[in-house]
Structure formats: structure tokens, C-alpha cells
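Peer 1: Provided herewith is a single structure, encoded as C-alpha cells, for subsequent inquiry.
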Amino acid sequence: MDYHHLLEATGIVVSGVLFYSLAYGWFAPDDPRRRPFWVVTLGLVWGAITVVLMISRIETREGVFVDGRAIPIALIGLFEGWGAALIAGLAASAYRVYLGGSGAVAGVIVIFGVAVAGGLAHRWAGGTERVRVHHAFLLAVGTFFITFGGFSLLGDPGRTLFARVWPSYLLLTVVGLPMLALLMESIIERRLLAQERERFRAVLDDATDAVRIVDADSQRILDCNRADCEIAGFARDAMLGRDSRQFWPESGASGASRSEPSPEARAMGLSRALSVPFMTASGRTLAVDCTRRIVAYRGRRYEIVIYRDAAERLAGEEARREAASLRSVNLLAQAAAHEINNPLAIIMGYSQMLEDRLAAESEEGNWARTCRRAAGRIRDAVARLSRIVRIESTEATGSLPPILDTERSAEPQDDTPR
């Protein structure tokens with residue numbers, strides 16, 4: 001056995017496996033328009049690896065050589081499908097035709113047969129990320145029998161030669177191919193997992209709500225996002241490992257920490273609370289709206305805490321209350337104007353008539369004038385009610401409670417001549 005060439009061939013294939021696995025993690029296109037370029041590039045690279053393996057033949061015994069040309073084509077077909085495998089097979093076939101000889105046709109048939117088998121295995125697996133060892137093993141068995149068929153095409157000399165080299169081909173295909181596929185699968189999964197973690201971190205940090213992951217038993221912070229750090233006032237490195245209970249002040253008379261999972265959370269795995277006190281790094285206490293969920297994973301319990309500053313919600317509720325109060329006042333003003341203005345117009349009219357008929361300096365004339373002026377004040381007050389745009393109240397004085405200040409609440413009337 002030529003161990004030098006065996007190690008050389010193994011190193012070439014393993015290098016190709018590493019190249020593909022890393023390239024898939026970094027450069028595999030998500031855009032379908034870039035997919036053809038990716039397939040052609042991989043096909044040419046693995047075709048070149050196949051040619052190198054054909055050149056670096058392994059001498060199993062004196063005058064008897066084998067090569068691992070089927071391994072790269074089967075691998076790229078298994079992980080990338082028909083396109084890349086056929087391009088790699090085309091490059092290897094061109095070199096085999098260039099070499100010539102009686103076995104050229106059989107060699108080309110074996111190469112394309114393995115490419116087709118790799119494409120079928122890829123379709124059976126359902127895509128690159130779903131390839132598993134059993135797919136590779138069955139492909140390896142198929143590759144071994146395709147190789148046997150290629151030797152059989154040469155007649156009795158071919159079958160006689162295969163009888164001398166079949167253990168080497170069995171080792172290369174049925175053992176070597178699944179092991180290399182397992183290596184590719186492991187590297188790809190690790191890279192995809194790293195990408196998933198990066199995406200998870202990006203989504204978590206872009207969330208507008210503060211998100212915190214806490215060990216439910218020790219209450220130690222395991223992870224947090226950017227919004228949590230901004231509200232709490234700590235850098236992320238300073239947050240991790242910190243006791244989450246220090247951010248939640250004691251809850252009044254009961255003395256129970258608000259950071260402990262509530263009975264509702266323990267029973268149902270979910271609890272919600274509004275306006276919960278939250279203490280920042282500066283010692284300032286905020287009101288936050290908080291949702292807690294208890295989840296179990298691999299024998300450990302985690303608490304997912306999602307919260308946000310309650311100021312926005314409180315401001316919205318205050319605005320809705322003020323809008324409701326303003327609507328009530330406006331409805332009351334419209335009703336008052338309708339009920340008051342009609343009789344008020346009669347009172348003002350008769351007061352004016354009395355004032356005109358009575359002597360200006362007489363006591364009765366003064367009474368009529370005072371009555372007309374009081375009616376005018378009532379008319380102005382009713383007019384202000386119809387212009388109310390906000391709710392402003394007076395200060396409480398003595399036993400008199402706060403009342404609506406109609407002058408401050410009403411929109412100023414523009415009396416400027418136009």
C-alpha cells in the first residue's frame with residue numbers, strides 16, 4: 001500500500017471538505033440570481049479536486065492502482081445537487097478522455113453515474129442543511145456498485161482487476177465517504193448555528209422592549225438586550241451574572257421581592273403586571289410594565305422578563321382620560337347653551353326695554369341696568385363653555401373643591417376686526 005499517496009489524497013479531500021463547509025457558511029447566496037455562479041464555482045473547484053485525485057493514484061500492490069475520483073463528485077452532489085456534481089464530473093471526464101485508453105468510456109460513465117447518484121441523494125435528503133449520515137452511507141453503497149459496474153464494462157479483465165482492488169474501493173467509498181460527509185455536516189451545522197445566534201442577537205438588540213433572560217432558581221442574569229441595558233443604566237458585561245432582584249424594589253408591606261416568579265407565573269408559566277417599580281443604576285425608580293414567562297430547557301428553568309417604561313402608557317391613558325373629560329364638558333356646554341340662551345335672550349330683551357322706559361337716574365332704572373349686565377355675564381360664560389379646548393381647574397380654597405376654570409380652559413376669542 002502506497003501510504004504516502006493515500007495520506008496525500010486524504011489531505012486533498014479533507015481540504016476540499018473544509019473549503020466547502022466554510023464557503024457555505026460565509027458565501028452561500030440567499031439571492032436566487034447568484035445561485036448559478038455559486039454552483040458553477042463549486043463544480044469547477046471540486047472538479048479540480050477530482051482531477052488531482054486521479055493524478056495522485058494510490059498503489060495498493062505492485063502495478064495495481066486505485067484513485068478516489070468518485071468521492072469528491074459524490075460529496076458535492078450530496079450537498080449541492082445535480083448542477084455542481086455534473087460540472088465537477090464534466091471536468092473530471094475531460095481529463096479522463098485526455099488520458100485516453102480502453103477504460104476511458106467506462107471511466108466517464110462511472111463519473112457521471114456517481115454525479116447522478118449524488119443528485120438523487122441530495123433530493124432525497126431535501127437540501128444541504130438536511131443531509132445526514134444515512135444519506136451519505138446509502139450514496140456510498142451506490143457509488144461502490146457504480147464503480148463495480150464501470151469495471152464490468154471492461155469485460156473479464158475489468159472484473160478480474162476489480163476482484164483485486166475491491167477492498168480498497170470499499171474502504172474509500174463505504175467508509176471514507178460517510179466520514180467526510182459527517183465532517184461536512186458538522187462544520188455546516190456549527191456555522192449555521194453561529195449565524196442563527198448572530199441573527200438572534202441582532203433581533204434581540206433591535207427590540208424596543210427590554211428583554212432579560214434570568215436563571216429562575218438563582219435569579220442571575222444570563223442575557224439581556226440593548227434596551228434593558230439602556231433602562232437599567234449598566235453595560236451588558238456588567239449586567240451579566242448580576243442578581244436580578246436588585247433592580248426590583250421590595251413590594252410594600254408584604255416584603256416579597258417583585259423579582260421572584262409570582263404564583264401565577266409558577267402555575268401557568270406567564271404573568272403580567274403594570275406600573276411595577278424598577279430601580280436603575282443611578283438609584284432612580286421607574287414604573288415599568290412587565291411580562292414574565294417561565295420556560296424549561298434541558299432540565300433547567302429560565303425566566304424571560306420583558307418590560308418597558310410605563311411613562312408612554314400612562315401618558316396615553318392620561319390623554320384618553322382628558323379627551324373623555326373634554327368630550328363630557330363639551331356635551332354639557334352644548335346642552336347648557338341650548339337650555340340657557342333661549343330664556344336668557346328674553347331676559348336681556350325685557351331688561352333692555354325696562355331700562356329704556358325708566359328714568360336713567362331712578363332706582364328702578366339702576367335695577368334694570370344691573371339685571372341686563374348680569375344677563376350679559378351669563379351670556380359670556382355660556383359662550384366660553386362652547387370654546388373649551390382643554391381641562392383646567394381652579395385651586396381648592398377652604399371647603400370649596402377645585403372647579404372648572406372656564407377662562408383658562410377656553411380658546412381665546414379673536415375680536416380683532418377683519
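The values are calculated or read from the model by the stated rules, or taken from the named source; none is laboratory data. This is a predicted model, so every value here is computed, not measured. Here the Cβ positions follow ideal geometry from the backbone for every residue, glycine too, while neighbour counts run over all protein chains shown. To get the accessible areas, we keep the full protein, side chains included, count just its heavy atoms, and leave off ligands, DNA and RNA. Shrake-Rupley method; radii C 1.70, N 1.55, O 1.52, S 1.80 Å.
Peer 1: Can you pull the accessible area of C229 for me, 1.4 Å probe, Å² to the nearest 10?
Peer 2: Around 20 Å² of this residue is reachable by solvent.
Peer 1: Running Debye on the range 181-232 with equal point scatterers at the Cα sites and no solvent, what base-10 log of I(q)/I(0) appears at q = 0.17, 0.27 Å⁻¹?
Peer 2: Taken in order of the listed q values, log10 I(q)/I(0) reads -0.65, -0.96.
Peer 1: Placing one identical point scatterer on every Cα of the range 132-255 and ignoring solvent, what is log10 I(q)/I(0) from the Debye formula at q = 0.11, 0.18, 0.22 Å⁻¹?
Peer 2: Once normalised to I(0) and log-transformed, intensities are -0.62, -0.97, -1.16.
Peer 1: Carbon and sulfur together cover what percent of the accessible area of the range 69-110 at a 1.4 Å probe radius? All intermediate terms of the calculation are to be shown ahead of the outcome.
Peer 2: Details: 1110 of 1490 Å².
C and S fraction of accessible area: 74 percent.
Peer 1: So, with a 1.4 angstrom probe, what is the percent of accessible area on the range 122-255 that is carbon and sulfur? Present the calculation step by step, with values, prior to reporting the outcome.
Peer 2: Values: 4340 of 7170 Å².
Whole-percent figure for carbon plus sulfur exposure: 60.
Peer 1: Still on this model: Say each of L183 and A360 gets a label point 7 Å from the Cα, pointing the same way as Cα to Cβ; how far apart are those two points in nm?
Peer 2: 11.8
Peer 1: For the residue pair E407 and R301, what label-to-label distance in nm results when each label sits 7 Å from Cα along the Cα-to-beta-carbon direction?
Peer 2: Distance between the two pseudo-spin positions: 6.4 nm.
Peer 1: Still on this structure, please answer the following. When the Debye formula is applied to the Cα atoms of the range 127-190, each taken as the same point scatterer, what base-10 log of I(q)/I(0) results at q = 0.19, 0.22, 0.28 Å⁻¹?
Peer 2: Each listed q maps to, in turn, -0.70, -0.82, -1.09.
Peer 1: Starting from the alpha-carbon convex hull of the range 69-151, give the projected area averaged over all orientations, in nm².
Peer 2: On the way: hull surface 18.4 nm².
With every direction weighted equally, the projected area is 4.6 nm².
Peer 1: Compute the semi-axes of the equivalent ellipsoid of the range 314-409, taking the square root of 5 times each eigenvalue of the Cα gyration tensor, and list them largest first in whole Å. Mind showing how you got there, number by number?
Peer 2: On the way: eigenvalues 271, 50, 14 Å².
Rounded to whole Å, the semi-axes are 37, 16, 8.
Peer 1: Now for a separate question. Only four residue types carry charge here, +1 at the Cβ of Lys and Arg and -1 at the Cβ of Asp and Glu. Report the dipole size of the range 52-165 about the Cα centre in Debye, rounded to the nearest 20.
Peer 2: Using Cβ point charges on Lys, Arg, Asp and Glu, the range 52-165 gives about 120 debye.
Peer 1: Can you check what the net charge comes to around L182, using other residues whose Cβ is under 13 Å from the Cβ of L182 (Lys, Arg +1; Asp, Glu -1)?
Peer 2: Result for the local shell: 0.
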